[in-house]
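S.K.: This is the structure I have questions about; it appears just below.
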Ligand code: ADP
Ligand code: NA
């Protein structure tokens with residue numbers, strides 16, 4: 001049996017979005033100090049699977065760290081670090097790329113979405129991304145991974161890799177990790193195109209709420225969010241076929257910590273002229289203290305770097321022996 005341990009992370013591939021906050025950071029904070037040992041990472045090795053300007057990558061890496069800290073990740077209670085500072089990730093990633101099968105990678109929908117028609121032109125790293133992700137998780141024998149809906153398939157692949165390793169080497173060395181996807185806002189959608197996920201690397205700034213947006217920007221973006229003209233429905237069932245409306249209700253629910261059903265109970269029948277300003281006010285109320293603390297932290301990069309370096313040391317103390325043992329099991 002494995003001690004209850006959470007691992008999760010965020011790529012510094014742009015500024016943090018409301019999707020990252022609701023689907024990831026807010027839930028990480030909730031899990032901290034409970035039954036789990038908690039380990040949170042800035043996934044810079046994943047970011048470079050697509051081109052990143054080196055200076056901008058450094059900035060974005062510190063922004064993700066600041067986002068964690070400002071939201072309430074406590075570096076005393078959780079291990080917080082940058083992926084590239086712990087060599088065990090890259091090492092185990094290679095070992096797992098010899099366990100994972102090409103056919104498994106070929107089924108990954110996120111690669112297909114990101115590569116589009118240009119699969120041949122993508123980096124080998126983008127293709128192999130899920131095997132590195134398995135290493136991120138399993139280098140800590142993590143039992144649970146809180147993620148948004150988009151990462152479910154990758155965590156399932158992590159289980160496949162653990163199971164194949166255990167089977168091939170006649171061992172039970174790796175746990176079969178459980179994805180934790182709970183809450184109303186596990187797939188926050190783009191504000192202008194309700195069929196697309198809200199993402200850091202999306203096309204236009206009006207499509208997403210950034211964690212560092214000011215109150216005016218937040219209000220403006222929600223006001224311009226695409227919706228159908230009908231008022232909010234009176235039941236969850238009617239919401240199903242209205243993706244843009246569902247998205248805004250889910251965001252409201254996620255921010256206020258209630259269920260979508262409760263939001264409908266309060267706002268069913270209301271028009272957008274009433275709901276959108278209420279949503280904007282709520283978002284400002286929740287995000288403003290975080291964004292001002294992020295700005296304060298970003299003004300002191302040396303302090304961020306010091307916190308992250310300490311976290312990396314603690315991470316290595318767990319991951320290094322696990323990767324050494326993996327090598328030994330494989331006969332290396
Ligand atoms: P992005 O897609 O913004 O680049 P990452 O791939 O770094 O984000 O994902 C970091 C975490 O944030 C993952 O757990 C992911 O599932 C979650 N996440 C990202 N976007 C969203 C979203 N739109 N809704 C809910 N969760 C999200
Ligand atoms: Na993603």
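S.K.: Quick one: grab the alpha carbon gyration tensor of the range 265-332, order the square roots of its eigenvalues as a ≥ b ≥ c, and give me rounded if a/c is under 1.5, else prolate or oblate depending on whether a/b is larger than b/c.
M.R.: oblate
S.K.: If you line up the long axis of helix 54-71 against the longest principal axis of the chain, both from Cα atoms, how many degrees apart are they, to the nearest 10?
M.R.: So the inclination is approximately 70 degrees.
S.K.: Can I ask one more? Taking only Cα atoms, what is the 0 to 90° angle, nearest 10, from helix 272-298's long axis to the longest principal axis of the chain?
M.R.: 40 degrees
S.K.: For the chain, what does -39500 (n - 2.57) per DSSP helix run (n ≥ 4), summed and divided by total residues, give at 222 nm, in deg cm²/dmol to the nearest 500?
M.R.: Using -39500 (n - 2.57) per qualifying helix, the result is -16500 deg cm²/dmol.
S.K.: As a footprinting exposure proxy, order 98, 41 by other Cβ within 10 Å, with the fewest listed first.
M.R.: 98, 41
S.K.: Going by how many other beta carbons lie within 10 Å of each one, how would you line up 298, 330, 189, fewest first?
M.R.: In increasing order of surrounding Cβ atoms, one gets 330, 298, 189.
S.K.: Compute the acute angle (0 to 90°) between the alpha-carbon long axis of helix 124-138 and the principal axis of greatest extent of the alpha-carbon atoms of the chain; round to the nearest 10°.
M.R.: The helix 124-138 is inclined about 80 degrees to the chain.
S.K.: Continuing with the same structure: Using 20 Å bins from zero, what percent of all Cα-Cα pairs in the chain falls into each bin?
M.R.: Pairs per bin, as whole percents: 31, 57, 13, 0.
S.K.: For a footprinting-style exposure proxy, rank 16, 332 by other Cβ within 10 Å, fewest first.
M.R.: 332, 16
S.K.: P(r) for the range 205-296, please, calculated from all Cα pair distances in 10 Å bins and given in %.
M.R.: Histogramming the range 205-296 at 10 Å steps yields 17, 50, 27, 6, 0 percent.
Laboratory data are not the source of any read-out in this text; all were calculated from the coordinates shown. Source: prediction; values computed, not measured. Cβ coordinates were reconstructed from backbone atoms using ideal geometry, including for glycine residues, and neighbour counts include every protein chain displayed.
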